[in-house]
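Before any comments, here is the structure.
The values are calculated or read from the model by the stated rules, or taken from the named source; none is laboratory data. In this text the structure is predicted, and so the values were computed from the model without any measurement. Positions of Cβ are generated from backbone atoms using ideal geometry, with glycine treated the same way; all protein chains shown enter the neighbour counts. Heads up: the accessible areas ignore ligands, DNA and RNA and are worked out on the full protein's heavy atoms, side chains in. Shrake-Rupley method; radii C 1.70, N 1.55, O 1.52, S 1.80 Å.
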Amino acid sequence: MKFFVDTAEIDAIAELNDLGMVDGVTTNPSLIMKSGRDILEVTKEICDLVDGPVSAEVVATEADAMIAEGRKLAEIAENIAVKVPLTWDGLKTCKVLSGEGRMVNVTLCFSANQALIAAKAGATFISPFIGRLDDINIDGMDLIEDIRVIYDNYGFDTQILAASIRTVNHVTECARLGADVMTAPPGVIKSLASHPLTDKGLAAFLSDWAKTGQKIL
Ligand code: G3P
(Lines give C-alpha, C1' and ligand atoms only; values in the text may rest on other atoms or scores of the structure.)
Protein backbone atom coordinates (compact mmCIF):
# COMPACT_ATOMS: atom_id res chain seq x y z
CA MET A 1 0.00 0.00 0.00
CA LYS A 2 1.33 3.41 -0.95
CA PHE A 3 1.56 6.09 1.75
CA PHE A 4 0.51 9.63 0.91
CA VAL A 5 0.83 12.32 3.56
CA ASP A 6 -2.22 14.50 4.09
CA THR A 7 -0.77 17.92 4.85
CA ALA A 8 0.59 21.12 3.32
CA GLU A 9 3.26 21.49 6.02
CA ILE A 10 6.61 21.35 4.23
CA ASP A 11 8.74 20.39 7.27
CA ALA A 12 6.49 17.45 8.14
CA ILE A 13 6.53 16.21 4.53
CA ALA A 14 10.34 16.55 4.36
CA GLU A 15 10.87 14.57 7.56
CA LEU A 16 8.76 11.64 6.37
CA ASN A 17 10.13 11.86 2.84
CA ASP A 18 13.71 11.49 4.14
CA LEU A 19 12.63 8.16 5.68
CA GLY A 20 11.12 6.94 2.40
CA MET A 21 7.60 7.07 3.84
CA VAL A 22 6.10 9.43 1.28
CA ASP A 23 4.78 8.04 -2.00
CA GLY A 24 2.73 11.19 -2.57
CA VAL A 25 0.96 14.09 -0.88
CA THR A 26 -2.66 15.17 -0.61
CA THR A 27 -3.84 18.68 0.18
CA ASN A 28 -7.25 20.30 0.30
CA PRO A 29 -8.53 23.85 0.87
CA SER A 30 -8.70 23.29 4.65
CA LEU A 31 -5.08 22.10 4.78
CA ILE A 32 -3.94 25.07 2.66
CA MET A 33 -5.79 27.38 5.06
CA LYS A 34 -4.11 25.65 8.00
CA SER A 35 -0.64 26.10 6.44
CA GLY A 36 -1.19 29.84 6.03
CA ARG A 37 0.63 29.60 2.68
CA ASP A 38 -0.25 30.63 -0.88
CA ILE A 39 -1.63 27.56 -2.69
CA LEU A 40 0.51 27.93 -5.82
CA GLU A 41 3.73 28.55 -3.88
CA VAL A 42 3.34 25.82 -1.29
CA THR A 43 2.15 23.27 -3.85
CA LYS A 44 5.21 24.00 -6.02
CA GLU A 45 7.49 23.47 -3.01
CA ILE A 46 5.79 20.16 -2.23
CA CYS A 47 6.10 19.03 -5.86
CA ASP A 48 9.81 19.88 -5.86
CA LEU A 49 10.30 17.82 -2.69
CA VAL A 50 8.29 14.71 -3.52
CA ASP A 51 8.48 12.49 -6.60
CA GLY A 52 4.99 11.00 -6.38
CA PRO A 53 1.56 12.51 -7.07
CA VAL A 54 0.68 15.72 -5.23
CA SER A 55 -3.06 16.42 -5.05
CA ALA A 56 -4.14 20.06 -5.35
CA GLU A 57 -7.85 20.79 -5.15
CA VAL A 58 -9.99 23.06 -7.29
CA VAL A 59 -12.44 25.35 -5.49
CA ALA A 60 -14.81 26.32 -8.32
CA THR A 61 -18.08 24.38 -8.38
CA GLU A 62 -19.09 24.71 -12.04
CA ALA A 63 -17.39 22.48 -14.61
CA ASP A 64 -15.91 25.10 -16.95
CA ALA A 65 -14.35 27.01 -14.06
CA MET A 66 -13.21 23.76 -12.42
CA ILE A 67 -11.51 22.69 -15.63
CA ALA A 68 -9.75 26.08 -15.91
CA GLU A 69 -8.57 25.89 -12.29
CA GLY A 70 -7.48 22.28 -12.77
CA ARG A 71 -5.38 23.19 -15.82
CA LYS A 72 -3.75 26.03 -13.88
CA LEU A 73 -2.96 23.73 -10.93
CA ALA A 74 -1.61 21.08 -13.31
CA GLU A 75 0.85 23.63 -14.71
CA ILE A 76 2.59 23.79 -11.33
CA ALA A 77 4.44 20.52 -11.94
CA GLU A 78 4.25 17.20 -13.78
CA ASN A 79 3.32 15.32 -10.61
CA ILE A 80 0.16 17.29 -9.84
CA ALA A 81 -3.03 15.28 -9.44
CA VAL A 82 -5.96 17.65 -9.83
CA LYS A 83 -8.42 17.04 -7.01
CA VAL A 84 -12.12 17.53 -7.75
CA PRO A 85 -15.15 16.93 -5.52
CA LEU A 86 -17.52 14.09 -6.32
CA THR A 87 -20.27 16.21 -7.86
CA TRP A 88 -21.71 16.00 -11.36
CA ASP A 89 -19.57 18.99 -12.37
CA GLY A 90 -16.59 17.37 -10.70
CA LEU A 91 -17.13 14.25 -12.80
CA LYS A 92 -17.32 16.34 -16.00
CA THR A 93 -14.07 17.98 -14.96
CA CYS A 94 -12.54 14.58 -14.26
CA LYS A 95 -13.51 13.31 -17.70
CA VAL A 96 -12.01 16.32 -19.48
CA LEU A 97 -8.79 16.52 -17.47
CA SER A 98 -8.12 12.78 -17.49
CA GLY A 99 -8.72 12.86 -21.25
CA GLU A 100 -5.91 15.40 -21.46
CA GLY A 101 -3.63 12.90 -19.74
CA ARG A 102 -3.69 14.60 -16.34
CA MET A 103 -3.97 12.72 -13.05
CA VAL A 104 -7.30 13.35 -11.32
CA ASN A 105 -8.18 12.59 -7.71
CA VAL A 106 -11.95 12.53 -7.13
CA THR A 107 -12.52 13.41 -3.50
CA LEU A 108 -15.32 13.49 -0.91
CA CYS A 109 -16.50 9.99 -1.85
CA PHE A 110 -18.96 8.45 0.60
CA SER A 111 -20.63 5.65 -1.38
CA ALA A 112 -19.71 2.75 -3.63
CA ASN A 113 -21.90 4.15 -6.42
CA GLN A 114 -19.98 7.42 -6.29
CA ALA A 115 -16.75 5.44 -6.61
CA LEU A 116 -18.19 3.51 -9.56
CA ILE A 117 -19.08 6.62 -11.56
CA ALA A 118 -15.77 8.29 -10.71
CA ALA A 119 -13.97 5.30 -12.22
CA LYS A 120 -16.18 5.50 -15.32
CA ALA A 121 -15.28 9.21 -15.62
CA GLY A 122 -11.59 8.25 -15.74
CA ALA A 123 -10.44 9.06 -12.20
CA THR A 124 -6.83 8.18 -11.42
CA PHE A 125 -7.67 8.10 -7.69
CA ILE A 126 -10.92 7.84 -5.77
CA SER A 127 -10.82 9.22 -2.22
CA PRO A 128 -13.34 7.59 0.13
CA PHE A 129 -13.38 9.45 3.49
CA ILE A 130 -13.21 6.82 6.21
CA GLY A 131 -13.13 8.94 9.38
CA ARG A 132 -16.05 11.12 8.33
CA LEU A 133 -18.22 8.03 7.80
CA ASP A 134 -17.17 6.71 11.20
CA ASP A 135 -18.19 10.12 12.61
CA ILE A 136 -21.81 9.39 11.60
CA ASN A 137 -21.70 5.78 12.81
CA ILE A 138 -21.22 4.19 9.39
CA ASP A 139 -18.24 1.84 9.14
CA GLY A 140 -15.93 3.50 6.62
CA MET A 141 -14.09 0.22 6.06
CA ASP A 142 -17.20 -1.36 4.54
CA LEU A 143 -16.92 1.26 1.82
CA ILE A 144 -13.28 0.39 1.12
CA GLU A 145 -14.26 -3.28 0.89
CA ASP A 146 -17.18 -2.57 -1.47
CA ILE A 147 -15.11 -0.37 -3.79
CA ARG A 148 -12.32 -2.99 -3.90
CA VAL A 149 -14.80 -5.69 -4.97
CA ILE A 150 -16.48 -3.46 -7.57
CA TYR A 151 -13.25 -2.21 -9.11
CA ASP A 152 -11.84 -5.75 -9.24
CA ASN A 153 -15.09 -7.13 -10.75
CA TYR A 154 -14.72 -4.86 -13.75
CA GLY A 155 -10.97 -4.27 -13.91
CA PHE A 156 -11.09 -0.52 -13.25
CA ASP A 157 -7.60 1.01 -12.99
CA THR A 158 -8.74 3.78 -10.63
CA GLN A 159 -6.71 3.57 -7.44
CA ILE A 160 -8.50 3.49 -4.09
CA LEU A 161 -6.96 6.29 -2.03
CA ALA A 162 -8.32 5.85 1.48
CA ALA A 163 -8.62 9.31 3.06
CA SER A 164 -9.78 10.86 6.32
CA ILE A 165 -7.57 8.31 8.06
CA ARG A 166 -7.50 9.13 11.75
CA THR A 167 -6.08 6.05 13.52
CA VAL A 168 -3.42 3.38 13.11
CA ASN A 169 -6.21 0.79 13.00
CA HIS A 170 -7.61 2.53 9.93
CA VAL A 171 -4.21 2.00 8.27
CA THR A 172 -4.13 -1.71 9.13
CA GLU A 173 -7.67 -2.24 7.87
CA CYS A 174 -7.01 -0.38 4.62
CA ALA A 175 -3.94 -2.53 3.97
CA ARG A 176 -5.88 -5.70 4.82
CA LEU A 177 -8.73 -4.80 2.49
CA GLY A 178 -6.46 -3.88 -0.41
CA ALA A 179 -6.67 -0.09 -0.64
CA ASP A 180 -4.05 0.98 -3.17
CA VAL A 181 -3.08 4.09 -1.23
CA MET A 182 -3.86 5.61 2.13
CA THR A 183 -3.37 9.25 2.99
CA ALA A 184 -2.94 10.25 6.61
CA PRO A 185 -1.72 13.20 8.65
CA PRO A 186 1.98 13.04 9.63
CA GLY A 187 1.07 12.25 13.24
CA VAL A 188 -0.82 9.10 12.26
CA ILE A 189 2.02 7.91 10.03
CA LYS A 190 4.57 8.47 12.81
CA SER A 191 2.42 6.66 15.35
CA LEU A 192 2.50 3.53 13.18
CA ALA A 193 5.91 2.90 14.81
CA SER A 194 4.48 2.97 18.34
CA HIS A 195 3.52 0.03 20.50
CA PRO A 196 3.30 0.02 24.31
CA LEU A 197 5.05 -3.35 24.49
CA THR A 198 7.94 -1.91 22.45
CA ASP A 199 8.26 0.92 24.98
CA LYS A 200 7.97 -1.48 27.92
CA GLY A 201 10.47 -3.93 26.43
CA LEU A 202 12.96 -1.19 25.65
CA ALA A 203 12.72 0.23 29.18
CA ALA A 204 13.46 -3.24 30.62
CA PHE A 205 16.44 -3.77 28.29
CA LEU A 206 17.90 -0.37 29.16
CA SER A 207 17.42 -0.96 32.87
CA ASP A 208 19.23 -4.33 32.68
CA TRP A 209 21.94 -2.83 30.49
CA ALA A 210 22.62 -0.08 33.05
CA LYS A 211 23.24 -2.82 35.63
CA THR A 212 26.03 -4.33 33.52
CA GLY A 213 28.07 -1.12 33.72
CA GLN A 214 29.14 -1.70 30.10
CA LYS A 215 29.35 0.75 27.20
CA ILE A 216 29.29 0.03 23.44
CA LEU A 217 31.00 3.30 22.49
O1 G3P B 1 -7.77 13.43 3.02
C2 G3P B 1 -8.94 13.97 3.52
C3 G3P B 1 -8.71 14.55 4.86
O4 G3P B 1 -7.95 15.71 4.79
C5 G3P B 1 -9.93 14.74 5.65
O6 G3P B 1 -9.63 14.28 6.89
O7 G3P B 1 -9.88 14.07 9.30
O8 G3P B 1 -10.72 16.14 8.14
O9 G3P B 1 -11.91 13.98 7.88
P10 G3P B 1 -10.60 14.64 8.11
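Of note:
- Between Thr212 and Ser35, the simple spin-label model (points 7 angstrom out along Cα→Cβ) gives 4.7 nm.
- Take Lys200: with every protein chain present and a 1.4 Å probe, its accessible area is about 140 Å².
- Viscosity 1.306 mPa s, 10 °C: Kirkwood-radius Stokes-Einstein D of segment 146-217 over Cα pairs, µm²/s: 103 µm²/s
- Protection proxy ranking, highest mean first, for peptides 59-72, 159-172: 159-172, 59-72, where packing is the per-residue count of other beta-carbon atoms within 10 Å, averaged.
- Protein accessible area in the chain, 1.4 Å probe - carbon and sulfur %: 55 percent
- Accessible area in square angstrom per residue, the chain, 1.4 angstrom probe: 52 Å²
- Computed log₁₀ I(q)/I(0) - Debye formula, equal Cα scatterers, no solvent, segment 57-109, q 0.19, 0.27, 0.29, 0.31 Å⁻¹: -0.48, -1.01, -1.17, -1.33
- Percent of Cα pairs exceeding the 26 Å cut-off, where the set is the chain: 38 percent
- Relative packing of 205-213, 15-23, 104-112, which averages over residues the other C-beta atoms within 10 Å, highest first: 104-112, 15-23, 205-213
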